[in-house]
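Down below is the structure, laid out as structure tokens.
The values are calculated or read from the model by the stated rules, or taken from the named source; none is laboratory data. None of the values given here were measured: they were computed from a predicted structure. Ideal geometry is used to build each Cβ from the backbone, glycine not excepted, and the neighbour counts take in all protein chains shown.
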Amino acid sequence: MTNDINARAVSLRHTLADELERSGDLYSPQWRRAVERVPRHLFVPQVFQRTDTDQGTRWKPVIGEHDVGRWLDLAYRNETLVTQLDGHLVPQDVTEPLSGNPTSSSTLPGLVVHMLEHLAVDDSTTVLEIGTGTGYSTALMCDRLGDDHVTSVEVDPDVAAGAAAALGRAGFSPNLVIGDGLDGAPDHAPYDGVIATCSVRHVPRAWLDQTRPGGRILVTMTGWLHGYGLAVLNVSEDGAAEGRFLSGTISFMIARPQAAPSISDEHWTEMTKALADAEPRPAVVGPDIRDDWTGVFVAQLGAPGAQWQSRRIGDGAWVDYLIDAETDSAASLTPEPDGGWTVRQTGPAHLWDDVETSVGLWRAAGSPPQEQFRIRTDGHTQTVWIMANGEPVAWDLTV
């Protein structure tokens, strides 16, 4: 049985490499060789398979030793494979499909390779990976660069243990660290490159300090409105980093320490009462800005501390809310019967005014795509900007 699995896996890896080349994600022979050699199935011995039902998304457990054919097929699909729900549930814990929030996964191979290609490594490059996850991307880097050139940090001890075991089975032994990836891994620094398989609201100062001048940081920037952009930054001699956003709709789960704070039902009740008494006005920008990949990214630049929720009050219409818990500010958008939206705002920050201003600046510049945005950070202040008529249009975000 083991020989049959291995032979089938080899064939599937070649097929996967062909697919990634056709998509344009994979183009260098060194990374193709890594894709063909690293046994992804060893890193996902059990996964949750997503199914969409009338009751919402359900996650069906798939255990390799119980369903070899389906498991191998899933392991070598160009898909993200969820391996943990709600911070603790793994497939072997359940027998039936269930709902839950993914908290650990094996990123789809196409995205992993796409990012590795943009890291622009050579044989001597040392890399810090933020988020070991299953260990699959770690293994690809070990195959390409050598174990001693790869350091990977994972915050979840159980996830880290699973990755370490899988890496060992696959014959790799990188430097593995259990801890907060936002702190980096100073014991093995400095690095030529940092690559994150989580998203962040701001680039930590520790990553800048641990990257050699001229080194590269590749990370997905995000916020609490769920706008995303994959950025590649080059670290300069002064310890700051500057770069650009890449094209594509790429998202990762946010690093846990930077996740949005919870808002209590009591707080929501207070905000909705205050909004009910607020002066209404017609919205210039509607909540459908969230349907535009770059649009929601720009809206988030205008209100970086806000969270978004849709709630239904009684049997009435669904209302979209923005709440900034730190400033105790909120905005609501209520649909009108004849079209359009009504805005109400409360608190010291007029959140929807800020969103509309941000979106207005972007639209006045011609609504450029995300790859025309640039970013600079010194670990304390992040500036994102675009050029319009030869002048920068900038958003300064204090960490």
Return yes when Met271 is of a type in the set (A, V, I, L, M, F, W, C), in contact with a Ser or Thr (Cβ under 8 Å, 6 or more places away or on another chain) and at pLDDT below 95 and no when it is not. yes
Of those in the range 131-182 that are within 23 Å of Arg256 (Cα to Cα) and touching a Cys at 6+ places or on another chain (Cβ under 6 Å), the residue surrounded by the fewest Cβ atoms within 10 Å (Cβ to Cβ) is Gly131
Positions within the range 154-201 being of a type outside the set (A, V, I, L, M, F, W, C), out of contact with any helix residue (DSSP H, G or I) (no Cβ under 7 Å at 6 or more places or on another chain) and outside any loop (DSSP other than H, G, I, E, B), in sequence order: Pro157, Asp158, Gly162, Gly168, Gly181, Pro186, Asp187, His188, Tyr191, Asp192, Ser199
Just one listed residue, out of Thr383, Thr327, Thr357, is surrounded by 13 or more Cβ atoms within 10 Å (Cβ to Cβ) and assigned to a loop (DSSP other than H, G, I, E, B), and it is Thr327
Within the range 198-222, how many residues are among the aromatic types (Phe, Trp, Tyr) and either surrounded by fewer than 22 Cβ atoms within 10 Å (Cβ to Cβ) or not assigned by TED's automatic domain parsing to the domain that holds Asp180 (or both)? 0
Over the range 229-251, the set of residues surrounded by 23 or more Cβ atoms within 10 Å (Cβ to Cβ) and in contact with a helix residue (DSSP H, G or I) (Cβ under 8 Å, 6 or more places away or on another chain) is Gly229, Leu230, Val235, Ala241, Phe245
In this structure, is Asp396 among the charged types (D, E, K, R), assigned to a loop (DSSP other than H, G, I, E, B) and farther than 13 Å from Gly286 by Cα? no
What is the number of the single condition among (1) surrounded by 11 or more Cβ atoms within 10 Å (Cβ to Cβ); (2) within 18 Å of Val343 (Cα to Cα); (3) not hydroxyl-bearing (Ser, Thr, Tyr) that Arg312 does not meet? (1)
Please tell me if Trp59 is closer than 28 Å to Asp122 by Cα, among the aromatic types (Phe, Trp, Tyr) and either at pLDDT below 95 or crowded, with 16+ Cβ neighbours inside 10 Å (or both). no
Residue in the range 1-58 that is nearest to His114 (Cα to Cα), counting only those that are part of a helix (DSSP H, G or I) and of a type in the set (Asp, Glu): Glu21
With (1) buried (at least 19 other Cβ atoms within 10 Å of the Cβ); (2) more than 30 Å from Ile130 (Cβ to Cβ) as the list, and Ile254 as the residue in question, which single condition is left unmet? (2)
Determine, yes or no, whether Trp362 is surrounded by fewer than 22 Cβ atoms within 10 Å (Cβ to Cβ), modelled with pLDDT of 95 or more and closer than 21 Å to Arg201 by Cα. no
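Residue by residue, here is whether (1) surrounded by fewer than 17 Cβ atoms within 10 Å (Cβ to Cβ); (2) over 21 Å from Ala160 (Cα atoms) holds:
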| site | (1), (2) |
| --- | --- |
| Tyr76 | no, yes |
| Val82 | no, no |
| Asp86 | yes, no |
| Thr95 | yes, yes |
| Leu98 | yes, yes |
| Thr103 | no, no |
| His118 | yes, yes |
| Asp122 | yes, yes |
Can you name the strands (runs of 3 or more DSSP E) wholly within the range 203-266 that have at least 3 residues being of a type in the set (A, V, I, L, M) and under 19 Å from the mean Cα position of the chain (by Cα)? 211-221, 229-235
